[in-house]
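Everything below concerns the one structure shown next.
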Amino acid sequence: MQHDYDLIIVGAGLAGNCLALALKDSGLRIALVEANSREQLRNSPAGDRALALAAGTVELLEALGAWRGVADKATAIKNIHVSDRGHFGKTRLSAADQGVEALGYVIVARDIEQHVADLVEQTDAACLYQCRVAGLMSGRDAVNVSLKQHDGSSLNVSAQLLVGADGGNSTVRKLLEIPQQVTEYGQTALVTTVQSALPHRNTAFERFTEFGPLAMLPVTGKQSAVVWTRTHEQAETLLSVNDHEFLTELQNCFGYRLGELKLAAPRRAFPLSLIRAEGMVSGRTVIIGNAVHQLHPVAGQGFNLGIRDVALLAEMLLEQQLRQADLGDPAALRSYSKQREQDHSKTIGFTDNVVKLFSNSNLPLAAVRNAGLTLLDHLPFAKQLLTRHAMGLADRLPKLGDRK
C-alpha cells in the first residue's frame, strides 16, 4: 500500500525536530506537523526558560550536528553544589574530579529550539506549520490522519507510523484516549534571571528548603537562571511584590554565596505536578517527550529524558528501515515502549523521591537527609554514580546519527 508519508511527526518542538533530524539521511518520507507558525514558536514566552542539558544530551546533539551552532550560547556547568537550607549537609560534584570538561550545560530554550528547527527545514522533511490534528485512525496497514489547516481547509494524509511529540497538552494523546497519572505537588516554580555581584564560576546551586528546592543555574557573565519552588500561595505573593521585596526573600533563601543579587529578567510562574501517561503506544501511534511525561524541575531531567525517547525511537526506526520492515510493526513498538518505560520509571521515581524527601520540615527526616548529603560528599564511588546520573550517562543509549 502506498502512503503519503512513511512517518508523520506531530509537534515541531525539540523532541519532534530532533527526531526528524536524526532520520534526515534515512530515505524515509517524513512530514512534520505543527499547530503554530514558526513566528509563534519563536515568540513564545516558554522560549525564555533555561534548559539544563546533561552531558549525555549534549553528546546526542553533537551526533545530530545540532550542537556546534549553539555551543557558544551555552554555559558549562563545571560544579554542582547541593545544600539544605538551615542544616549542615551538603554535597559537591565536580567535572574536574570526573575528568570531563563539564557536567552539563545551560542554554536558553529559544536558542536551541530555533537552531534545530532551522536544521530540519534544510532536510527533505515536509514541514506543515499551522496544521492541527483533527482526527486519526490506525488501520492494519496505515495510520490515517485528518489535518485542519490555518485557512480552514482539511487535509487527509496517511503513514506507516505517527509520532506524537506535541507536548504536555498533546492532542495526539487525547485523541488516543491514553489516561494520565497526575501527582499534584502543591508547588509553583518561579522562574527568572539574576545578576550577581560575584562570579558563579560555572557552578550550579541546588538548595533545598522546607517549601521546595531553589536552583541557580550559571548563564552568561555573572547571570544565573533561577528556578525557585514555593507553595502556590507563596508564589502568588512573590509575584505581586516589588523587585526589592522579591530579591530580599530570594537572598534570604539562597544566601550570599554569589553576593548581592539583582533582577535581570521578568518573573514568571508555572504550577508543578508529576504527569505520566499510562501508555506510549496505541495502534500505529507512539507518543514521546512531554506528551508522555512531565517532571518536577528539581533534578533538571525533563528534556534529558525526552531526548532519550528520541534516541531510542530513531534507532528503532532506522533498524526497521534497513530491514525494509514496517515502521508501525506492533512487536517493534512494544519493544521500544518496554525499554523506555524502564528509564521513565527510574528517572521519574528518582525525581519524585527527591521532591518528597527535601520539600518538608520533618526534623527526623531532615537529620537523615543531611547526614546522607554529608556522607555522600565523602564517598567517591557514590559521588561518581550520582555525577554520572546528573550527566545523563548512567545508562548509555545509541548515539543519534551514528548510522552509516
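The values are calculated or read from the model by the stated rules, or taken from the named source; none is laboratory data. Computed from a prediction, not measured in an experiment: that's the story for all the values here. Every residue, glycine as well, gets a Cβ built from its backbone with ideal geometry; the counts of neighbours run over all protein chains shown.
Things to note:
- Comparison of 146, 154 shows that the only residue that is surrounded by fewer than 18 Cβ atoms within 10 Å (Cβ to Cβ), modelled with pLDDT of 95 or more and touching a strand residue (DSSP E or B) at 6+ places or on another chain (Cβ under 7 Å) is 146.
- For segment 181-188, the criterion of a residue being in a loop (DSSP other than H, G, I, E, B) and over 30 Å from residue 244 (Cα atoms) is satisfied by no position.
- Residue match in segment 93-116 (condition: within 20 Å of residue 7 (Cα to Cα) and either of a type in the set (Phe, Trp, Tyr) or modelled with pLDDT of 90 or more (or both)): yes
- Checked against (1) surrounded by fewer than 24 Cβ atoms within 10 Å (Cβ to Cβ); (2) outside any loop (DSSP other than H, G, I, E, B), residue 304 passes all but condition (1).
- Test: residue in segment 33-48 that is buried (at least 23 other Cβ atoms within 10 Å of the Cβ), touching a Gly at 6+ places or on another chain (Cβ under 9 Å) and either of a type in the set (A, V, I, L, M, F, W, C) or closer than 27 Å to residue 264 by Cα (or both): yes
- Total residues in segment 212-257 satisfying the condition of being part of a loop (DSSP other than H, G, I, E, B), aliphatic (A, V, I, L, M) and either touching a residue at least 12 places away in the same chain (Cβ under 8 Å) or surrounded by 14 or more Cβ atoms within 10 Å (Cβ to Cβ) (or both): the figure is 1.
- Residue identified as under 30 Å from residue 58 (Cβ atoms) and either assigned to a loop (DSSP other than H, G, I, E, B) or under 13 Å from the mean Cα position of the chain (by Cα) (or both) among 265, 311: 265
- Where a residue in segment 320-341 is among the hydroxyl-bearing types (Ser, Thr, Tyr) and its partner, wherever it lies, is in a loop (DSSP other than H, G, I, E, B), with Cβ under 7 Å and at least six apart: 337/280
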